[in-house]
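Visitor: Take a look at the following structure, please.
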Amino acid sequence: MSTALDKYSIDITQLSVGKSQISFLVDNFFLGQYKLLEKHKGKGVVIVHIDKQGRNIMVNLQTKVLLQTMCDRCLDNMNYELQTESNIIFSDDLSPNQENNPSKEFLHPNESKINIANKIYEDIFLAMPIRFIHDKKTSNKCNQAMISLLNAYSSTPAKIDPRWENLRKVKIKT
Ligand SMILES: [Zn+2]
């Protein structure tokens, strides 16, 4: 079955034994495939270092993406440079992980390809900050006009109908 993320597959039968290197592009299309990334735009590259030893494929991923996203404080556009690295071993050997081993993924003996799309997704997602905020790193300042506007709104707490307030008190007692 062919999917949109097939191009993030590595044909392990074509890999030479030992070390090799390939790269993949991360773009808006890739980000759009994942619910938690789809609100971001971006462009970047994943350098994949591979060390093939029989049916043990050791993979090191170095991901660098320039995300075009929105500042969570002032809502202006901002760029965020994301950089992350991870290791994973694909293996048909199911013996338990040794300590200090990077994560291991089962490689079916008949499998000729490994797909690393989800791994790239995980790496990007885990490297993202909880909130995107303009700071020194993004060499950009928050839109002050927007900040004042947002503050003006948030400093007026929504008025609660006193009857509802009383009803809430009743509910807490029971
Ligand atoms: Zn901002």
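The values are calculated or read from the model by the stated rules, or taken from the named source; none is laboratory data. Being a predicted model, the structure only gives us computed values, none of them experimental. Positions of Cβ are backbone-derived with ideal geometry, glycine not excepted, and every protein chain shown enters the neighbour counts.
Visitor: Every residue in the stretch 1-36 that is part of a loop (DSSP other than H, G, I, E, B) and without any contact (Cβ under 8 Å) to a residue 12 or more places away in the chain, please.
Guide: Taking the stretch 1-36 as the starting set, the residues that turn out to be part of a loop (DSSP other than H, G, I, E, B) are 1-5, 12-17, 27, 33-36.
Result: Met1, Ser2, Thr3, Gln14, Lys35.
Visitor: Then there is this: Restricting attention to the stretch 125-142, which residues are within 28 Å of Lys35 (Cα to Cα), near the ligand (Cβ under 9 Å from one of its atoms) and at pLDDT 80 or above? I'd like the intermediate steps shown before the answer.
Guide: First, pick out the residues of the stretch 125-142 that are within 28 Å of Lys35 (Cα to Cα): 125-135, 137-138, 140, 142.
With the extra rule that they be near the ligand (Cβ under 9 Å from one of its atoms), the set shrinks to 132-135, 138, 140, 142.
Answer for the stretch 125-142, where residues must be within 28 Å of Lys35 (Cα to Cα), near the ligand (Cβ under 9 Å from one of its atoms) and at pLDDT 80 or above: Phe132, Ile133, His134, Asp135, Cys142.
Visitor: Is there a residue being under 18 Å from Ile88 (Cα atoms) and in contact with a Ser or Thr (Cβ under 8 Å, 6 or more places away or on another chain) anywhere in the stretch 16-26? Please lay out each step first, then the result.
Guide: Step one: filter the stretch 16-26 for residues under 18 Å from Ile88 (Cα atoms), giving 17-24.
In the following step, the residues that additionally are in contact with a Ser or Thr (Cβ under 8 Å, 6 or more places away or on another chain) were identified as none.
Within the stretch 16-26, not a single residue is under 18 Å from Ile88 (Cα atoms) and in contact with a Ser or Thr (Cβ under 8 Å, 6 or more places away or on another chain).
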